[in-house]
Amino acid sequence: MNAPVDYLLHLADNALILGQRNAEWCGHGPILEEDIALSNNSLDLIGQARLLYQHAAEQMGKGATEDTLAYFRDVPDFRNYTLCELPHMPLMAATSAGDRDFATTIVRNFLYSSLMVLVWDQLQNSKDAQLAAIAAKSLKEVRYHLRHSRDWLVRLGDGSEVSHAKAQAALDQLLPYTQEFWTTSPQESAALANGTGIDMAALQNDWNQIVSEALQEATLQRPAAGGFVPTGKQGIHSEHLGFVLAEMQSLARQHPGAIW
Amino acid sequence: MSTAALKEWPLWEVFVRSKQGLEHKHCGSLHASDAQHALQMARDVYTRRQEGVSIWVVPSNTISASEPNDKGEFFEPASDKVYRHPTFYEIPEEVGHM
């Protein structure tokens, strides 16, 4: 039994786009050790994406490979959560330049890792044996990502006035985007129906508990999640994804088939 | 990191055990705000190529070290005491490599 291709792409795109975002810290980390930590995190995510793309490509045939899926699809083809594509800074026009904000990075990694420890844990029981194996591998990685981001969340939130304010601002900005976790997309319904996917709504209580406990420890206020519900996993993205893809795909598109 | 922060974060010595049964070996040092922080940073910096199965971190200021100036009285007297090396014994072949 194979998981639906669009479902695999949803999982893969989340990992690739967040991996690409975290890689933006490479060479720019606040300290050397954090620079390496975020690069490690990024490479874990890109590794997960590769396995999922390879699995999807096998089913798609017609010359599809992990590279064609990562580098030769456009914005509407990507199925990642909008949360994963946002820049590491308070939101502004996609063409604006700004300094990377470490608190935004940490809050995003925390919100995503808190979800993925639950998702990968459940997907270990997927009827798609290859997806179950990928889940078992990814679970160990994302448990560390959660530990790392949660640790920093508490340090920032329960730190100085400045670090608290930055962490709270990042949380206020990003938490509403997590509403997308709980909406249903066609690929998730299809995966759930054939036993290869999971019921996301059933994870919501556990996720809320992980988040609430950490926020309490970090002395941060949980903002109300309301208003706009993003639709990234259905291919309708923010203006930021195009810029991520432009940077990520330009080399492969200028030199198609290049290897080293 | 600003130099101010480097001064605020104490220095830690990192020891990594490469596999079960072997000793922890000193592999470097880093600045961190507390022990948990130091452990996680050591994990990311010193074990990313499968170098370890266990990490110790120790506050550098808790280590007492010998003085370079003491080299004469500390170490040099041992240089002419060759009889302290067990090289004058004949080792039976069955013992193998020691």
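Values in this text are rule-based calculations from the coordinates and carry no lab data. Note that the structure is predicted; figures quoted are calculated from it, not measured. Note that we place each Cβ from the backbone using ideal geometry, even for glycine, and neighbour counts take in every protein chain shown.
Could you check how many residues of the range A:205-230 are within 19 Å of A:Val119 (Cβ to Cβ) and not aliphatic (A, V, I, L, M)?
8
When you scan the range A:109-118, do you find a residue that is part of a loop (DSSP other than H, G, I, E, B) and in contact (Cβ under 8 Å) with a residue 12 or more places away in the chain, even just one?
First, the residues of the range A:109-118 that are part of a loop (DSSP other than H, G, I, E, B): none.
So far as the range A:109-118 goes, no, none of its residues is part of a loop (DSSP other than H, G, I, E, B) and in contact (Cβ under 8 Å) with a residue 12 or more places away in the chain.
Which one of A:Arg73, A:Arg50 is surrounded by fewer than 24 Cβ atoms within 10 Å (Cβ to Cβ) and in a loop (DSSP other than H, G, I, E, B)?
A:Arg73
Based on what the data block shows, is A:Glu85 within 14 Å of chain B (Cβ to nearest Cβ), among the charged types (D, E, K, R) and crowded, with 19+ Cβ neighbours inside 10 Å?
no
Under the condition of being among the small types (Gly, Ala, Ser) and free of Cβ contacts under 8 Å to residues at least 40 places away in the same chain, which residue from the range A:212-240 is surrounded by the most Cβ atoms within 10 Å (Cβ to Cβ)?
Only one residue fits best here, namely A:Ser212.
Would you please name the residue that is surrounded by the fewest Cβ atoms within 10 Å (Cβ to Cβ), looking only at residues in the range A:1-32 that are among the hydrophobic types (A, V, I, L, M, F, W, C) and assigned to a loop (DSSP other than H, G, I, E, B)?
Among them, the one singled out is A:Met1.
Run down A:Val117, A:Val107, A:Val162, A:Val142 and say which single residue is more than 28 Å from A:Thr183 (Cβ to Cβ) and among the β-branched types (Val, Ile, Thr).
Answer to the check: A:Val162.
Taking the criterion of being within 14 Å of chain B (Cβ to nearest Cβ), surrounded by fewer than 15 Cβ atoms within 10 Å (Cβ to Cβ) and closer than 19 Å to A:Leu18 by Cα, would at least one residue in the range A:120-142 satisfy it?
The first filter runs over the range A:120-142 and keeps only residues within 14 Å of chain B (Cβ to nearest Cβ), leaving A:140-141.
Cutting the leftovers down to surrounded by fewer than 15 Cβ atoms within 10 Å (Cβ to Cβ) gives us A:140.
Filter again for closer than 19 Å to A:Leu18 by Cα, leaving A:140.
Yes.
When you check A:Arg222 against the structure, is it among the basic types (Lys, Arg) and part of a helix (DSSP H, G or I), yes or no?
Judged against the criteria, A:Arg222 is not a match.
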